[in-house]
Amino acid sequence: MSDTLIEPEDESAELSQADVDADDVARIAQAVDLSDPDLLTSILRERHPADIADLFEQLANEQLRAVVRLIPREITGDILTELEDDSRELVLDELHPVEVARAILDLETDDAIEVVEDMEEEARAEVLAAVPARDRKILEQSLAFDEETAGRLMQREFVAAPEFWTVGDAIDHMRAAGDDLPELFFEIYVVSPDFKPVGEVPVSHLMRSPRDTSLSDIMLAPRALIRPEMDQEEAAYLFEKYHLISAPVVDESGRLSGMITVDDMVDVIQEENKEDMLALAGVTEAGLSDTVLSSVRARAPWLFVNLLTAVAASAVIALFEAAIAQLVALAVLMPIVASMGGNAGTQSLAVAVRALASRDLTSANARRIIVREMLTGVVNGLIFAVVMAIVAAVWFGRADLGLVIAIAMVVNLASAGLSGIVIPLALKRFGADPAVASSVFVTTVTDMVGFFVFLGLAAWMLL
């Protein structure tokens, strides 16, 4: 082995790349001000579509519109698929339907659907009218499926072969097909005479096998058959569970009609995780082009719900107004009880929502998980009960006050652990999205239980 001097990593490389992007954005803005399409084209030339999309998303809305008007023919289908939804809609509004049709013709079916599915119905019809009849029929068939289903994600381009073919037959067929093959594929689907998938041959197996080997000898049984009406989240779960790279899509009679590839599933998994995370916070995603008004409309309803729950918690406090007036220490300590309960409930809720999304939490193990979360709350409550009992006794010079807050801490953290797991399970059972609604209910439970137990015990034991 030869000795190789490894140069130290350039820690400024990432910063310099950011500086390059900032410079390019400034140059694009200058080209827009000069209305110079040649300068714009030179800036974007030989860049990857994802990098171009990143640059476009850093522009102000009016600048991006101006770019599209200056170089409409440079806006390729690959760039459109890389853009975030809000930026893509803005670009599509500026492009003529003929230009959009030209751009999507170079895309696989699933990518073309991603571009046109969010367009207004009238604009979409104009685009489809400009597409050749054969491609238009395929796109219309995919658009007939509901949004967020496997039918919207599947591509109609795939490679299938009959059982009696040999490896040599399959290779010769693919070479003859040329541009009619999918741009990227990982498996050849082996089909029966009635075109139902009976196996799949990874391309890596195909290339390692002798030409005279029968496909039926090297094929693997299909690990998952996906129906086009299946929810995309369920399809993503199958990909994650069986470690799939691609999967065949079959119609109601079981005939092979398309395939879904892992790149689409990665996007779905990331999108679903992002939606759950934002839903737990009671917000929706704020795109770079969103206005203040649209952000307010998205967030204000949940803030109003939180206001109502805060009023309910305050009503509990009002029940013990006389007790608080007699012992001011209660007003000092009660936020601690509610805050600890809220944090414990959020922890339990995050675990529950993630487990439900990944199918790890089911009716078979729900009882065990409920008991675990409640006991976790009890043990954590005991730990911090001791801490707060000492703090309260030293701070206010009353051991009985320390005992009250200790009991309240244990009860509230136990209820937090219980509600954090039971509430999302109950919402899931009744068909609601646990990620969206659970946090409001859990926070309400921990606040009201915390205030009621602490103030109630204080009024009973101390006054």
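The values are calculated or read from the model by the stated rules, or taken from the named source; none is laboratory data. All of these numbers come straight from a predicted model, not from anything done at the bench. All Cβ positions, glycine included, derive from the backbone under ideal geometry; neighbour counts span all protein chains shown.
Of all residue pairs spaced 6 or more apart or on separate chains, none has beta-carbon atoms under 7 Å together with a first member in the range 218-246 that is assigned by TED's automatic domain parsing to the domain that holds residue 359 and a second member that is buried (at least 20 other Cβ atoms within 10 Å of the Cβ) and among the polar types (S, T, N, Q).
Among 170, 103, 144, 133, which is closer than 22 Å to residue 72 by Cβ and not aromatic (Phe, Trp, Tyr)? If you could, list the steps in order and put the result at the bottom.
Values: 170 fails: closer than 22 Å to residue 72 by Cβ; 144 fails: closer than 22 Å to residue 72 by Cβ; 133 fails: closer than 22 Å to residue 72 by Cβ.
Result of the check over 170, 103, 144, 133: 103.
The C-beta contact set for the range 73-100 (first residue modelled with pLDDT of 90 or more, second residue in a helix (DSSP H, G or I) and hydroxyl-bearing (Ser, Thr, Tyr), distance under 8 angstrom, 6+ apart or interchain) comprises 74/41.
Residue by residue, here is whether (1) free of Cβ contacts under 8 Å to residues at least 24 places away in the same chain; (2) not assigned by TED's automatic domain parsing to the domain that holds residue 101 holds:
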| position | (1), (2) |
| --- | --- |
| 134 | yes, no |
| 138 | no, no |
| 154 | no, yes |
| 165 | no, yes |
| 168 | no, yes |
| 173 | yes, yes |
| 178 | yes, yes |
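Is it the case that the range 388-403 has a residue that's under 40 Å from the mean Cα position of the chain (by Cα) and over 15 Å from residue 350 (Cβ atoms)? Checked against the condition, which is being under 40 Å from the mean Cα position of the chain (by Cα) and over 15 Å from residue 350 (Cβ atoms), the range 388-403 yields at least one hit. If the condition is being assigned to a helix (DSSP H, G or I) and of a type in the set (Lys, Arg), then the range 22-58 contributes only 27. All conditions in (1) under 17 Å from the mean Cα position of the chain (by Cα); (2) surrounded by fewer than 16 Cβ atoms within 10 Å (Cβ to Cβ); (3) modelled with pLDDT of 80 or more; (4) charged (D, E, K, R) hold for residue 251, with the sole exception of (1).
State the number of residues belonging to the range 311-337 that are within 14 Å of residue 441 (Cα to Cα) and in contact (Cβ under 8 Å) with a residue 60 or more places away in the chain.
Initial filter on the range 311-337 (within 14 Å of residue 441 (Cα to Cα)): 311-313.
Those left that are additionally in contact (Cβ under 8 Å) with a residue 60 or more places away in the chain: 312-313.
Of the residues in that region, 2 qualify.
Residues in the range 218-236 that are more than 22 Å from residue 270 (Cα to Cα) and surrounded by 16 or more Cβ atoms within 10 Å (Cβ to Cβ) were compared, and the one that is nearest to the chain's Cα centre (by Cα) is 222.
Residues in the range 30-57 that are buried (at least 16 other Cβ atoms within 10 Å of the Cβ) and under 32 Å from the mean Cα position of the chain (by Cα) were compared, and the one that is nearest to residue 78 (Cα to Cα) is 49.
In the condition set (1) among the small types (Gly, Ala, Ser); (2) farther than 19 Å from residue 358 by Cα; (3) within 30 Å of the chain's Cα centre (by Cα), residue 431 is compliant with all but (2).
Only one of the numbered conditions (1) in contact (Cβ under 8 Å) with a residue 40 or more places away in the chain; (2) more than 30 Å from residue 239 (Cβ to Cβ) is not met by residue 353, and that is (2). Checking each residue in the range 101-127 for being assigned to a loop (DSSP other than H, G, I, E, B) and without any contact (Cβ under 8 Å) to a residue 24 or more places away in the chain picks out only 120. Applying the condition of being part of a helix (DSSP H, G or I) and closer than 21 Å to residue 204 by Cβ to the range 237-248 and asking which residue is nearest to the chain's Cα centre (by Cα) yields 239.
Looking at (1) at pLDDT below 75; (2) not in a loop (DSSP other than H, G, I, E, B), which is the only condition residue 283 fails? Unmet for residue 283, out of (1) at pLDDT below 75; (2) not in a loop (DSSP other than H, G, I, E, B): (2).
Out of all the residues in the range 138-156, which are among the charged types (D, E, K, R) and either modelled with pLDDT of 90 or more or in contact with a Gly (Cβ under 8 Å, 6 or more places away or on another chain) (or both)? Explain how you work it out, then say what you get.
Just the residues of the range 138-156 that are among the charged types (D, E, K, R), to begin with: 140, 146-148, 152, 156.
Correct list: 140, 146, 152, 156.
Note on the range 432-448: residues that are among the hydrophobic types (A, V, I, L, M, F, W, C) and crowded, with 24+ Cβ neighbours inside 10 Å amount to 2.
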